[in-house]
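Novice: One structure, pasted below without further comment.
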Amino acid sequence: MAATSTIPKHPLIAKTLIFDSPSQTLNVYASHPVPIPDPAKNDHLIQVKSTALCTRELVWPALFPAVMFAENPEKQITPGYDLAGTVITAPPASPFSPGDEIYARTRASRPGNYREYTIARTEEMALKPQKLNWVEAASVPLSAITAWQALFKYAGVKGLDDSNAAGKRALIVAAAGGVGIWLVQLARIAGLEVVAQVGSAKNDTFVRGLGASETVNYKIESLKEWAEREGPVDIVIDLLGGKTLEDAWYCVKDGGTLISIFEPPEGKRPEGLKNKVVKIDFFIMEPNGQHLAEISRLLNEGHCRAVVDSVWDFEDYNRAFERLDGAHANGKVVIKITE
């Protein structure tokens, strides 16, 4: 197990960022109570080193209140559900010990990790990759787990060593974004030929460096136009929804697979493709420490890499969200919480 040289004694109060939904403002509370772990729920108290933000996460409480407040009776909206930090306390029989360096994607049903101390559960956690620093580690969990589940749980790829994947083509929409960069890398490792949708020459070069063998620039041609020219692919993974998901139907072969993490694909099926036979799925990522441990192995062995768009100090939350919501980030927007 990884260990730190000193396990800090934790205080009873600590700095926390809280989103006030009625006023739509973010506020720092310097003396907010440190959460109390429940050993019966496999809770670990974690000193947060870094967290990463997710696009549109501040609208989740209004859109999905039953989910967001399922384990949050005080309705404390703290952003940042990605986590890299140090274990302070662990429940009995936990595979993690005080001092272990971990990373995790924690459930949105509890307050997030934009705070100095947080709670993570055994099933959400994995040891931090040794090759990654705190900022890099925080950029990984949500994006990498989402990509892992899209490919290996829903898209029909049987794993990193699936011999049937060789020669198949996969189209990744929004390939230069947080989830897209992991889909490109994992699909390439699994042996798929990757087609990446991008919006600039810079991002074309970027995703090719991650393993894409072909690109389509949505500013030059639509996915439908590209499919008419290049032909359909075996797997399409949509990360945007809307008109892009509608056009994605033209890109997938009869008998192929169309996955979306944004909305159910059937609702965007074009009228002229009602008879097209496609395996479709819409899913929401589930935190999974075992998947994250597999990703740690790939990172430690140098098969893939974390991509950080920008790094911000705790008090720069407004600027960090502005960067995130500008929709031009390559990789993750990460917040340094504690040194």
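The values are calculated or read from the model by the stated rules, or taken from the named source; none is laboratory data. Fair warning: this is a prediction, and the values are worked out from it, not measured in the lab. With ideal geometry, Cβ positions are generated from the backbone for all residues, glycine too; neighbour counts draw on all protein chains shown. Note: accessible area is taken over every heavy atom of the protein model, side chains too, but ligands, DNA and RNA are not part of it. Shrake-Rupley method; radii C 1.70, N 1.55, O 1.52, S 1.80 Å.
Novice: Can you tell me which residue among Phe283, Phe262 is under 19 Å from the mean Cα position of the chain (by Cα), more than 28 Å from Leu127 (Cα to Cα) and surrounded by 13 or more Cβ atoms within 10 Å (Cβ to Cβ)?
Specialist: Going through Phe283, Phe262 in turn, just one is under 19 Å from the mean Cα position of the chain (by Cα), more than 28 Å from Leu127 (Cα to Cα) and surrounded by 13 or more Cβ atoms within 10 Å (Cβ to Cβ): Phe262.
Novice: Next question. Cβ-Cβ distance below 9 Å, separation of 6 or more or different chains: which pairs start in segment 165-189 with a residue that is closer than 11 Å to Leu240 by Cβ and of a type in the set (Val, Ile, Thr) and end on one that is open to solvent by 30 Å² or more (accessible area, probe 1.4 Å) and not in a helix (DSSP H, G or I)?
Specialist: Partner pairs satisfying both residue conditions: Val173/Tyr218; Val173/Leu240; Val179/Ile261.
Novice: Can you pull out the residues in segment 265-287 that are within 22 Å of Arg107 (Cα to Cα) and assigned to a loop (DSSP other than H, G, I, E, B)? Let's see the steps before the verdict.
Specialist: Within segment 265-287, the first condition is being within 22 Å of Arg107 (Cα to Cα), and the residues that meet it are 281-287.
Passing the criteria: Phe283, Ile284, Met285, Glu286, Pro287.
Novice: Select from segment 158-211 the residues that are in a loop (DSSP other than H, G, I, E, B) and among the basic types (Lys, Arg) and write down the one among them that is farthest from Lys253 (Cα to Cα). It would help to see each step written out before you state the result.
Specialist: Taking segment 158-211 as the starting set, the residues that turn out to be in a loop (DSSP other than H, G, I, E, B) are 158-162, 166-168, 173-177, 190-192, 199-200, 211.
Checking which are among the basic types (Lys, Arg) leaves us with 158, 168.
On the way: Lys158: 19, Lys168: 11 Å.
Filtering first and then ranking leaves Lys158.
Novice: Next question, about the same structure. Mind telling me which of the residues Val135, Val67, Val59 ends up being surrounded by fewer than 23 Cβ atoms within 10 Å (Cβ to Cβ), modelled with pLDDT of 95 or more and assigned to a helix (DSSP H, G or I)? Full working, then the answer.
Specialist: On the way: Val67 fails: modelled with pLDDT of 95 or more; Val59 fails: modelled with pLDDT of 95 or more.
Result of the check over Val135, Val67, Val59: Val135.
Novice: If only one of Leu83, Leu17 is open to solvent by less than 60 Å² (accessible area, probe 1.4 Å), in contact (Cβ under 8 Å) with a residue 60 or more places away in the chain and among the aliphatic types (A, V, I, L, M), which one is it? Please lay out each step first, then the result.
Specialist: Values: Leu83 fails: in contact (Cβ under 8 Å) with a residue 60 or more places away in the chain.
Just one listed residue meets the conditions, Leu17.
Novice: If you don't mind, there's one more thing I want to ask. Quick check: is even one residue across segment 266-277 open to solvent by 30 Å² or more (accessible area, probe 1.4 Å) and closer than 30 Å to Tyr114 by Cβ?
Specialist: Within segment 266-277, none of the residues are open to solvent by 30 Å² or more (accessible area, probe 1.4 Å) and closer than 30 Å to Tyr114 by Cβ.
Novice: All but one of (1) touching a strand residue (DSSP E or B) at 6+ places or on another chain (Cβ under 7 Å); (2) at pLDDT below 95 hold for Ala93; state the number of the condition that does not hold.
Specialist: Single failed check for Ala93: (1).
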